[in-house]
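Trainee: Structure below; questions to follow.
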Amino acid sequence: MIQLRLPSGGLVGRAELPFSKSLSNRQLIVGAHTGAPFTIEGLSEGEDTYYLLRALAALGYIIQRDGIVWTFLPPSSYPSRVELYTGEGGTTLRFLLPLLARLPLQAYVHVGNSLRGRPILPLLQSLQRAGAHVRLAPNTYPLSIVGDPEWDPTSFYIDSSLSSQFLSALMLMAPGLKAGTVIYELAQKPATPAYSEMTRKLLQLYGWNWQQSENSWQLETSDEKQKLYAFRGERDWSAASFFFGWAALGAFRGTLPLSLESIQPEARLFSSLQWGYTITPASDEAFITPLGEPLHGKEIEVENYPDAVLVLSVIAAVAENPTRLRGIHTLPYKETDRLQALITELSKIGATLVVQGEDLIVYPTESLPKEPIVLESYGDHRTAMALSLLAARMPAVIIKQHECVSKSFPRYWVVLESLGAECRII
């Protein structure tokens with residue numbers, strides 16, 4: 001557990017953000033799909049990316065690092081059999097499977113305990129229908145994939161109603177697919193389309209363009225291969241969301257190393273929302289100023305920003321009047337049931353959260369506790385960081401399983417200390 005206290009003036013300074021886990025994982029996978037050497041300047045140090053790096057190393061990639069520049073050299077030959085472990089990383093697992101299906105090897109993929117309960121079947125069925133040799137164990141895991149370098153699918157059918165990562169995993173295959181390949185979307189309401197759009201924009205930068213029609217995506221590509229692909233990371237807007245939360249609660253003033261031109265979905269949300277704070281852009285940085293005014297409830301569309309719901313809910317829990325967050329249907333399928341986690345933990349400060357269909361209504365607390373309280377993170381990195389924001393309005397908060405932040409923001413508590421917070425392991 002960690003006990004968090006803030007100085008009287010709040011957090012002040014430059015918050016060093018990690019590189020985006022979402023972009024890093026996409027860059028690693030699309031680089032591997034090219035079959036060519038590639039570099040990434042600025043790679044996430046989160047656990048999900050770590051397990052993906054381990055997987056590439058197990059496949060035979062030579063991985064070199066020089067400062068923030070990583071170089072990946074494909075193997076001259078692949079092992080005939082490999083055992084991989086993805087930890088709790090949903091992106092790691094989902095993005096790896098299509099890659100393994102086209103390599104000359106047999107792979108067994110093991111996962112962490114909580115990942116066992118998260119959706120995967122629609123992607124497996126899509127790959128099987130397209131001719132990939134993917135098999136489930138009696139209890140699903142380990143997954144068995146018999147790769148085939150001659151596998152040459154030209155169409156996929158996917159239901160991405162539970163996760164946009166299913167669609168992204170197929171899109172990221174673009175370097176090895178023929179022009180004209182089609183992905184048919186079976187879901188009437190795909191999950192978080194902003195994240196599959198981020199995937200599309202990333203691929204488009206390197207010559208692979210997925211053109212969307214009403215219910216399908218068709219690949220346009222020049223088929224020109226480069227000798228080396230160079231990717232550039234971005235600082236993580238999902239990680240930055242917690243500092244927008246601190247600012248909204250009047251407890252952070254400073255600089256974030258962010259570009260407002262980022263392709264990450266949360267860039268659009270927090271740069272336009274400015275709920276309790278203002279943003280002053282400067283080159284690839286943003287200066288954040290808290291308004292210090294009473295927070296009034298809002299109605300916010302969050303379907304494209306599921307990771308931001310936790311931050312927004314905490315802000316709403318101490319606002320002056322209720323807030324409605326629209327489009328929260330994917331929250332139960334994350335690292336934990338984030339919806340139930342919010343309802344349970346925010347009730348400890350007197351807030352009431354009510355689910356109405358796909359909306360979450362947050363009725364704020366009338367009186368915050370006067371003493372430090374213990375909050376459960378459920379081993380979920382974003383839940384831990386979101387609940388920590390309550391220290392802005394309380395003497396202190398105690399977060400259980402605080403080390404879970406290593407999944408996406410390993411230095412979160414260290415960064416808070418650098419800005420003036422007191423973080424004490426108890």
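Trainee: In region 279-298, is there at least one residue being closer than 22 Å to E358 by Cα and either surrounded by 14 or more Cβ atoms within 10 Å (Cβ to Cβ) or touching a Gly at 6+ places or on another chain (Cβ under 7 Å) (or both)?
Mentor: Checked region 279-298: at least one residue is closer than 22 Å to E358 by Cα and either surrounded by 14 or more Cβ atoms within 10 Å (Cβ to Cβ) or touching a Gly at 6+ places or on another chain (Cβ under 7 Å) (or both).
Trainee: In this structure, is E376 closer than 19 Å to L11 by Cα, modelled with pLDDT of 95 or more and among the charged types (D, E, K, R)?
Mentor: On the way: closer than 19 Å to L11 by Cα: no; modelled with pLDDT of 95 or more: yes; among the charged types (D, E, K, R): yes.
So E376 does not fit the description; no.
Trainee: Quick one: is P369 in a loop (DSSP other than H, G, I, E, B), in the same structural domain as G245 (by TED's automatic domain parsing) and within 22 Å of D307 (Cα to Cα)?
Mentor: Details: in a loop (DSSP other than H, G, I, E, B): yes; in the same structural domain as G245 (by TED's automatic domain parsing): yes; within 22 Å of D307 (Cα to Cα): no.
In short, no.
Trainee: Those residues that are more than 17 Å from G147 (Cβ to Cβ) and either β-branched (V, I, T) or buried (at least 21 other Cβ atoms within 10 Å of the Cβ) (or both), I need them from region 76-89; list them, please. Quick ask: steps written out before the conclusion?
Mentor: Here is the first cut: in region 76-89, the residues more than 17 Å from G147 (Cβ to Cβ) are 85, 87-89.
Selection gives E88, G89.
Trainee: So which strands (runs of 3 or more DSSP E) stay within region 199-317 end to end and still have 2 or more residues that are touching a strand residue (DSSP E or B) at 6+ places or on another chain (Cβ under 7 Å) and charged (D, E, K, R)? Reasoning before the result, please.
Mentor: Working: elements: 208-212, 216-221, 229-232, 252-256, 277-282, 285-290, 299-301.
Where strands (runs of 3 or more DSSP E) fall fully within region 199-317 and carry at least 2 residues being touching a strand residue (DSSP E or B) at 6+ places or on another chain (Cβ under 7 Å) and charged (D, E, K, R), they are 299-301.
Trainee: Does region 247-257 contain any residue that is among the polar types (S, T, N, Q) and either more than 30 Å from P98 (Cα to Cα) or in the same structural domain as L390 (by TED's automatic domain parsing) (or both)?
Mentor: Of the residues in region 247-257, the ones among the polar types (S, T, N, Q) are 255.
Checking which are either more than 30 Å from P98 (Cα to Cα) or in the same structural domain as L390 (by TED's automatic domain parsing) (or both) leaves us with 255.
Scanning region 247-257, I find at least one residue that is among the polar types (S, T, N, Q) and either more than 30 Å from P98 (Cα to Cα) or in the same structural domain as L390 (by TED's automatic domain parsing) (or both), so the answer is yes.
Trainee: Name the single residue, out of those in region 372-391 being over 22 Å from L419 (Cβ atoms) and not in a strand (DSSP E or B), that is nearest to the chain's Cα centre (by Cα).
Mentor: Ranking the qualifying residues of region 372-391, first place goes to D380.
Trainee: Among the numbered conditions (1) closer than 16 Å to T383 by Cα; (2) part of a loop (DSSP other than H, G, I, E, B); (3) free of Cβ contacts under 8 Å to residues at least 40 places away in the same chain, tell me where P332 comes up short.
Mentor: Single failed check for P332: (2).
Trainee: Have a look at E422, E345 and point out the one that is buried (at least 18 other Cβ atoms within 10 Å of the Cβ), at pLDDT 95 or above and of a type in the set (D, E, K, R). Even if it seems obvious, please write down each step before you answer.
Mentor: Values: E422 fails: buried (at least 18 other Cβ atoms within 10 Å of the Cβ).
None of the other options fit; the residue is E345.
Trainee: May I ask you to list the residues in region 103-146 that are in contact with a strand residue (DSSP E or B) (Cβ under 9 Å, 6 or more places away or on another chain) and hydroxyl-bearing (S, T, Y)? Don't jump to the end; show me each part of the working.
Mentor: Filtering region 103-146 for residues in contact with a strand residue (DSSP E or B) (Cβ under 9 Å, 6 or more places away or on another chain) gives 103, 105-112, 115-116, 120-130, 132-137, 141-146.
Across region 103-146, the qualifying residues are Y108, S126, Y141, S144.
Trainee: Next question, about the same structure. Which members of region 272-291 meet the condition of being closer than 23 Å to A317 by Cβ and polar (S, T, N, Q)?
Mentor: Those that are closer than 23 Å to A317 by Cβ and polar (S, T, N, Q): S272, Q274, T278, T289.
Trainee: Just to be sure I understand, how many residues within region 191-203 are at pLDDT below 95 and either surrounded by fewer than 20 Cβ atoms within 10 Å (Cβ to Cβ) or out of contact with any helix residue (DSSP H, G or I) (no Cβ under 8 Å at 6 or more places or on another chain) (or both)?
Mentor: 2
Trainee: Report, ordered by the first and then the second residue, all pairs with beta carbons closer than 9 Å, sequence separation of six or more or different chains, a first member in region 124-135 that is on the phi < 0 side of the Ramachandran plot, and a second member that is of a type in the set (S, T, Y) and part of a helix (DSSP H, G or I).
Mentor: Matching pairs, first to second residue: A132/S126.
Trainee: Hey, any hits in region 59-75 for a residue that's small (G, A, S) and surrounded by fewer than 16 Cβ atoms within 10 Å (Cβ to Cβ)? First the steps, then the outcome.
Mentor: Restricting attention to region 59-75, the residues satisfying the condition of being small (G, A, S) are 60, 67.
Cutting the leftovers down to surrounded by fewer than 16 Cβ atoms within 10 Å (Cβ to Cβ) gives us 67.
Scanning region 59-75 turns up at least one residue that is small (G, A, S) and surrounded by fewer than 16 Cβ atoms within 10 Å (Cβ to Cβ).
Trainee: Whether any residue in region 149-165 is farther than 29 Å from K201 by Cα and touching a residue at least 40 places away in the same chain (Cβ under 8 Å) is what I want to check.
Mentor: Taking region 149-165 first, the residues farther than 29 Å from K201 by Cα are none.
The answer is no; no qualifying residue exists.
Trainee: Could we say that S347 is assigned to a helix (DSSP H, G or I), of a type in the set (S, T, N, Q) and either within 15 Å of I2 (Cα to Cα) or not assigned by TED's automatic domain parsing to the domain that holds G297 (or both) here?
Mentor: On the way: assigned to a helix (DSSP H, G or I): yes; of a type in the set (S, T, N, Q): yes; either within 15 Å of I2 (Cα to Cα) or not assigned by TED's automatic domain parsing to the domain that holds G297 (or both): no.
Here the answer is no, as S347 does not meet what is asked.
Trainee: Okay, moving on. Please determine, by comparing only the residues of region 396-416 that are closer than 13 Å to T383 by Cβ and in a loop (DSSP other than H, G, I, E, B), which one is nearest to the chain's Cα centre (by Cα).
Mentor: Only one residue tops the list, namely S408.
Trainee: Continuing with this model, one more query. Please name all residue pairs, on different chains or six or more residues apart, with Cβ atoms under 7 Å, provided the first residue is in region 44-60 and is over 16 Å from P104 (Cβ atoms) and the second residue is β-branched (V, I, T).
Mentor: Listed by first residue and then by second, the contacts come to D48/T91; D48/T92; Y51/T86; Y51/T92; L52/T92; L53/I63; A57/I63.
The values are calculated or read from the model by the stated rules, or taken from the named source; none is laboratory data. All figures in this text were calculated on a predicted structure; none of them were measured in a lab. Methodologically, a virtual Cβ is constructed for each residue, glycine included, from the backbone with ideal geometry; neighbour enumeration extends over all protein chains shown.
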